[in-house]
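*Asks:* Sharing a structure below in structure tokens format, with a few things to ask.
We did not get these values from a lab; they are worked out from the coordinates using the rules stated. If you're wondering where the values come from, they're calculated on a predicted model, not measured in any experiment. No Cβ is skipped: glycine too gets one built from the backbone with ideal geometry, and neighbour counts run over all protein chains shown.
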């Protein structure tokens, strides 16, 4: 079996999106968080590519993907369209979708807008700023973060970001992994990161406003979050109630990027879920 990684670009209008594909079999599409990129899924690609076609890509604003110049070119709906373009470029009809944080919102958007392209969805660390009472606070926080990147640069911004309460859990467990996370985030494109904050993070609707659409999702869905990732706990309980074919796993002593903090447990949860999907038991 050829396990070499295929690299390429998908195109949406004039925007190119960098992707990597490793392995053969049913496809799993991994969608990264705001603080990550395609490299964030290395621990998952190494595990799952033994039996699946693992596809990772960089969102618009994250080189080597293009960095569109206008904030209006970034949105949650656009993120779902971009993900479909990556599947199209690889000739993948349907895939299991795994998204973290910003990528988890994209996974839900895919499940709502393009269910015919999804075999299942794993929605990880979803919901920061999604509670109606928290939206204004987080919109202000995203705007302040965008301004800080402009004022001090991405590297200085990341120094503070990586010490947030939902990130220090990774530092406590795996200092080398935390340093790799911080180093990779500091390599991101400053303007791409700013535009993503302003176009995607700040403008996405409250999940509570989407409950009617969420109730129509007819796909197997697994929610995963960390018990120390407090802004996501209430949203995940709501999502678990709203999506019909859904389950929720809360990983103990863990913050936001649970795939980095507890890769073995995370991979096992996703493995068991996909097996259940393929056996048509959920």
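*Asks:* Would you compute the Debye intensity of the range 1-56 from its alpha-carbon atoms alone, equal scatterers and no solvent, and pass along log10 I(q)/I(0) at q = 0.28 Å⁻¹ to two decimals?
*Replies:* Those come out to -1.14, one per q.
*Asks:* How many percent of DSSP beta bridges within the range 6-278 run antiparallel, rounded to 5?
*Replies:* DSSP beta bridges in the range 6-278 are roughly 30 percent antiparallel.
*Asks:* Springs between alpha-carbon pairs under 10 angstrom, Gaussian network model over the chain: which of 174, 82, 151 fluctuates most?
*Replies:* Of the options given, 151 has the highest mean-square fluctuation.
*Asks:* Just the ratio, please: alpha-carbon radius of gyration of the range 6-278 over 2.2 N^0.38 Å, N its number of residues.
*Replies:* 0.91
*Asks:* Follow-up question, since we're still on this one. Rounded, prolate or oblate: which fits the range 161-211, taking a ≥ b ≥ c as square roots of the Cα gyration tensor eigenvalues, rounded meaning a/c under 1.5, else prolate when a/b beats b/c?
*Replies:* Cα axes put the range 161-211 in the oblate bin.
*Asks:* Next question, about the same structure. In nm, to one decimal, how far is the modelled label at residue 211 from the one at residue 173, with both set 7 Å along Cα→Cβ?
*Replies:* So the label points at residue 211 and residue 173 sit 3.2 nm apart.
*Asks:* Please give, to one decimal in nm, the separation of the simple spin-label points placed at residue 88 and residue 163, each 7 Å out from Cα toward the Cβ.
*Replies:* Computed distance between label sites residue 88 and residue 163 equals 4.5 nm.
*Asks:* Normalised by the residues of the chain, what does the relative contact order come to in percent, with Cα pairs under 8 Å and at least six apart?
*Replies:* 19 percent
*Asks:* On to the next question. Could you tell me which of rounded, prolate or oblate describes the range 120-195, using a ≥ b ≥ c as the square roots of the eigenvalues of the alpha-carbon gyration tensor, with rounded for a/c under 1.5 and, failing that, prolate when a/b is larger than b/c and oblate otherwise?
*Replies:* oblate
*Asks:* Can you tell me the order of 62-72, 5-15 when each peptide is scored by its average per-residue count of other Cβ atoms within 10 angstrom, highest first?
*Replies:* Answer by packing, highest mean first, reads 62-72, 5-15.
*Asks:* Output the peptides 232-240, 52-60 sorted from most to least packed, where packing is the average of other Cβ atoms within 10 Å over each peptide's residues.
*Replies:* 52-60, 232-240
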